[in-house]
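Trainee: Take a look at this one; I'll ask things after.
The values are calculated or read from the model by the stated rules, or taken from the named source; none is laboratory data. Only a predicted model underlies this, so the values are computations on that prediction, with no experimental measurement involved. Cβ atoms come from the backbone with ideal geometry, glycine included; neighbour counts cover every protein chain shown. Surface areas here come from the heavy atoms of the whole protein model, side chains and all, with no ligands, DNA or RNA. Shrake-Rupley method; radii C 1.70, N 1.55, O 1.52, S 1.80 Å.
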Amino acid sequence: MNRFESRLAQRAIKADRLSGREPERRSGQSRIQRVRHEIRQRYPLVEAVTRVSPGFVSVTLRGDDLKDFPSLSFDDHIKVFIPGADGQEERRDYTPRQFDATSGTLVLEFALHDGGVACDWANNLKVGERVHLGGPKGSMVIPLDYDWHWLVGDPTSLPAIHRRVEELPTGANATVIVQCEHVHDQRVLESAAELEVVWVAGYNELLQAVTERPLPAGDGFVWAAGEGKAMAALRALVVNDKQQPSDSTRISAYWKAGVQGFSEKG
């Protein structure tokens, strides 16, 4: 748990104590594994650059140093080192969208937005260029056999959500709620699981969609990622109002409005 999540979790626990309510504990929380990996620097080559939709570009990387690449969770992140104009590298966090350690291939997706250093760099990559990567340094392995799964976020969360629903098995139940302003960036999410997919245009609509849906019965997990303030509001809604156990919740700020290069992952 990072500092941002830890502060929010402490607030939720404090609210429970002030109300005289003991935090609910469910059997599923003890099954979550945190696995540490040896941090390595990797330098694969760009094999393909594909414009997935107006707001996304997919980059396929290949290299022998990816053949021992570890990625045990859809929630993993790696450091991408982006060359700067002054010769210094800037670091950004990205989720491994797909990977094949046997063939040494890794796919990353970049959500495009105006003025983004990483977006401009990814959009202009050429086949054969070398890319500098670091990590991942660890994985939080969330079991697939929860009674239900909620996956919530904005466009920056889509690569992780897409990977997760592809991994969910037959018989799993998942609700996906994504804020995506541009209809052309909405994608078909294929999964063996039973999916409810909801697309909304703005953050207010995202929070409203979560507010309107009661948590299903049973032992479930809520995962969300997106803009910092929106995710703080979402966590308060899910943990405090809906009383989803914080140990069965992971809500991360992938970025903050007005803060370039923000990362709560370190």
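Trainee: Looking at VAL80, VAL127, VAL107, which one is outside any loop (DSSP other than H, G, I, E, B) and either open to solvent by 10 Å² or more (accessible area, probe 1.4 Å) or at pLDDT below 90 (or both)?
Mentor: VAL107
Trainee: Just to be sure, is ASP147 buried (at least 16 other Cβ atoms within 10 Å of the Cβ), of a type in the set (Asp, Glu) and touching a residue at least 60 places away in the same chain (Cβ under 8 Å)?
Mentor: In short, no.
Trainee: If I ask for residues that are touching an Asp or Glu at 6+ places or on another chain (Cβ under 9 Å), surrounded by fewer than 18 Cβ atoms within 10 Å (Cβ to Cβ) and outside any loop (DSSP other than H, G, I, E, B), which ones from the range 83-104 would you list?
Mentor: PRO83, GLN98
Trainee: Select from the range 41-66 the residues that are surrounded by 13 or more Cβ atoms within 10 Å (Cβ to Cβ) and in a loop (DSSP other than H, G, I, E, B) and list them in ascending order.
Mentor: TYR43, PRO44, GLY55, GLY63
Trainee: Anything in the range 193-223 that is more than 17 Å from PRO155 (Cα to Cα), part of a helix (DSSP H, G or I) and open to solvent by less than 60 Å² (accessible area, probe 1.4 Å)? List them, or say none.
Mentor: none
Trainee: Now for a separate question. Give the range 64-118 a look and list any residue that's within 20 Å of SER157 (Cα to Cα), free of Cβ contacts under 8 Å to residues at least 40 places away in the same chain and touching a Leu at 6+ places or on another chain (Cβ under 8 Å), or say none.
Mentor: Selection gives PHE99 alone.
Trainee: Quick check on VAL141: is it open to solvent by less than 20 Å² (accessible area, probe 1.4 Å), more than 15 Å from SER58 (Cβ to Cβ) and under 16 Å from the mean Cα position of the chain (by Cα)?
Mentor: Judged against the criteria, VAL141 is not a match.
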